Amino acid sequence: MTTRAYGRTSWPWAAVAVLLFWQTWFLCHVYATEHSAVRWICDSEGCGTNQLAGGALFLAAASALGAAVLAAPFLGLAGAGLATLLAAFGLLMGREDDHAVVAGHGLVALGAVLVVAGAAWSLRRRGRHPDHEGEGEGEGNGSVPDDSRVPVRALVLRVLAPGTLLVAVPAAVVVTALVHGALDGPRWVMMLGLNGTIALLFALGAARLRHRPGVALGPVSAAGAVHAPARLHSLTARGTDFVFDLTVLPEGAAPYRIEVQQPIDLQDVRIHRAALVRLDPRRPWLVDLPPHPPAAELARARAAVRTSDRTSALPSDVASAPADDLASDLPTAPRLRIPAPGTPVLLAGTLLTAVLLTALALA
């Protein structure tokens, strides 16, 4: 996957990297300013403390490593350099003693070397592959044309669904804890909210990693699913799978165009130029090709597509053309813009977070 495609589909991981960069600086800063005042409790098993500064360096090292790894698709080796520089600045800014001076300056030098090396490597790679950044921009690679339409009504219904709110409410509480703790709340609330937000964004990024804006999500659950005829526009190969470019003709709704990716063509769609798809009427972007559809329904779907083609083709002399040739002559339906996984939860969580922060500000 190219850097551009990664950023388009997994921007939550970029947000996680930013939060981890900030946490790296913050923990190093806490260590430099509060380590001398940490109270240690020792017994026969060792020493420990419940103060953040006592274990800040260990937490900062884990944050820096995570930030460098997640930022690597965007920054390459420079991401590790940036994490190192932030750790150094945290150790050097506002320190109460000189224990961290040597380590801080050493990290500054190391970070600067990594940033320069990463930038040089990126420029060299771009010079060797000048067209690399343009990959994945064609329609066959999952991009969405300008004539696509957003399923607004279906998205709103999903935002208000009980299952969406069940996830969005705790997510909003966690993000609210982060913002409130960073602005005016206890530090432990901010740290819990920060790491909870990181976990939520990481899960969202993992769900979106393989998402392609122009390819249907599936498989479709049998509960509540309906069948609909579909007309084939083109069939292409993507790796070991086939990508079926279809116009779906749902009953009682406007037709729309969508791509369905599946490993095998068990319906002989390429031959008949028609298919029987299974879709969720509440989420029209959930579409798949059932491998063993009922023979009677499949025959009716093929007949419905042929009838639709012949009655819709213009001019009138096209009606006598073979059904296989009609798909390319007919005007296409608008392509459905497929929302990324987690979009309803993200919208609901954002609204709830705004409500909670407003309530805290007015309290």
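Residue by residue, here is whether (1) of a type in the set (A, V, I, L, M, F, W, C); (2) surrounded by fewer than 18 Cβ atoms within 10 Å (Cβ to Cβ); (3) in contact with a His (Cβ under 6 Å, 6 or more places away or on another chain); (4) closer than 12 Å to Phe21 by Cβ holds:
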residue: Gly55; (1), (2), (3), (4): no, yes, no, no
residue: Phe58; (1), (2), (3), (4): yes, yes, no, no
residue: Ser63; (1), (2), (3), (4): no, no, no, yes
residue: Ala88; (1), (2), (3), (4): yes, no, no, no
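Filtering segment 319-363 to residues that are under 30 Å from Leu183 (Cβ atoms) and modelled with pLDDT under 80 leaves only Ala363. Screening the candidates Ala199, Ala223, Ala216 for the property of being without any contact (Cβ under 8 Å) to a residue 12 or more places away in the chain, within 23 Å of Val248 (Cβ to Cβ) and among the hydrophobic types (A, V, I, L, M, F, W, C) yields one hit, Ala223.
Rundown of residues vs (1) modelled with pLDDT of 80 or more; (2) within 18 Å of the chain's Cα centre (by Cα); (3) polar (S, T, N, Q), yes/no style:
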{"residue": "Leu192", "(1), (2), (3)": "yes, no, no"}
{"residue": "Thr197", "(1), (2), (3)": "yes, yes, yes"}
{"residue": "Leu201", "(1), (2), (3)": "yes, yes, no"}
{"residue": "Pro219", "(1), (2), (3)": "no, no, no"}
{"residue": "His227", "(1), (2), (3)": "yes, no, no"}
{"residue": "Leu235", "(1), (2), (3)": "yes, no, no"}
{"residue": "Gly252", "(1), (2), (3)": "yes, no, no"}
{"residue": "Tyr256", "(1), (2), (3)": "yes, no, no"}
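For segment 289-298, the set of residues classified as modelled with pLDDT under 85 and either buried (at least 18 other Cβ atoms within 10 Å of the Cβ) or among the hydroxyl-bearing types (Ser, Thr, Tyr) (or both) consists of Pro293 only. (1) out of contact with any His (no Cβ under 7 Å at 6 or more places or on another chain); (2) part of a strand (DSSP E or B): which one isn't true of Arg210, the others all being true? The single condition Arg210 does not satisfy is (2). If only residues of segment 40-99 that are among the charged types (D, E, K, R) and closer than 22 Å to Arg187 by Cα are counted, the one that is modelled with the highest pLDDT is Arg95. Among the residues of segment 306-318, is any over 22 Å from the mean Cα position of the chain (by Cα) and modelled with pLDDT of 85 or more? So far as segment 306-318 goes, no, none of its residues is over 22 Å from the mean Cα position of the chain (by Cα) and modelled with pLDDT of 85 or more.
Put simply, of Gly163, Gly181 the only residue that is over 30 Å from Ala303 (Cβ atoms), more than 21 Å from the chain's Cα centre (by Cα) and in a helix (DSSP H, G or I) is Gly181. Residues considered: Asp245, Asp265. Of these, the only one that is of a type in the set (Asp, Glu) and part of a loop (DSSP other than H, G, I, E, B) is Asp265. Per the conditions (1) over 17 Å from Leu346 (Cα atoms); (2) in a helix (DSSP H, G or I); (3) open to solvent by less than 30 Å² (accessible area, probe 1.4 Å), the sole criterion not satisfied by Thr197 is (1). Looking at segment 269-288, is at least one residue open to solvent by 10 Å² or more (accessible area, probe 1.4 Å), part of a loop (DSSP other than H, G, I, E, B) and more than 30 Å from Trp13 (Cβ to Cβ)? Yes, that holds for at least one residue.
Among the residues of segment 234-244, just one is in contact with a Leu (Cβ under 7 Å, 6 or more places away or on another chain) and open to solvent by 10 Å² or more (accessible area, probe 1.4 Å), namely Phe242. Asp241 satisfies every condition listed in (1) at pLDDT 90 or above; (2) more than 27 Å from Val345 (Cα to Cα) except (1).
The values are calculated or read from the model by the stated rules, or taken from the named source; none is laboratory data. Since we're looking at a predicted model, the values are computed, not measured. So basically every Cβ, Gly included, is an ideal-geometry build from the backbone, and we count neighbours across all protein chains shown. Quick note on the areas: whole protein, heavy atoms, side chains included, nothing else; ligands and nucleic acids left out. Shrake-Rupley method; radii C 1.70, N 1.55, O 1.52, S 1.80 Å.
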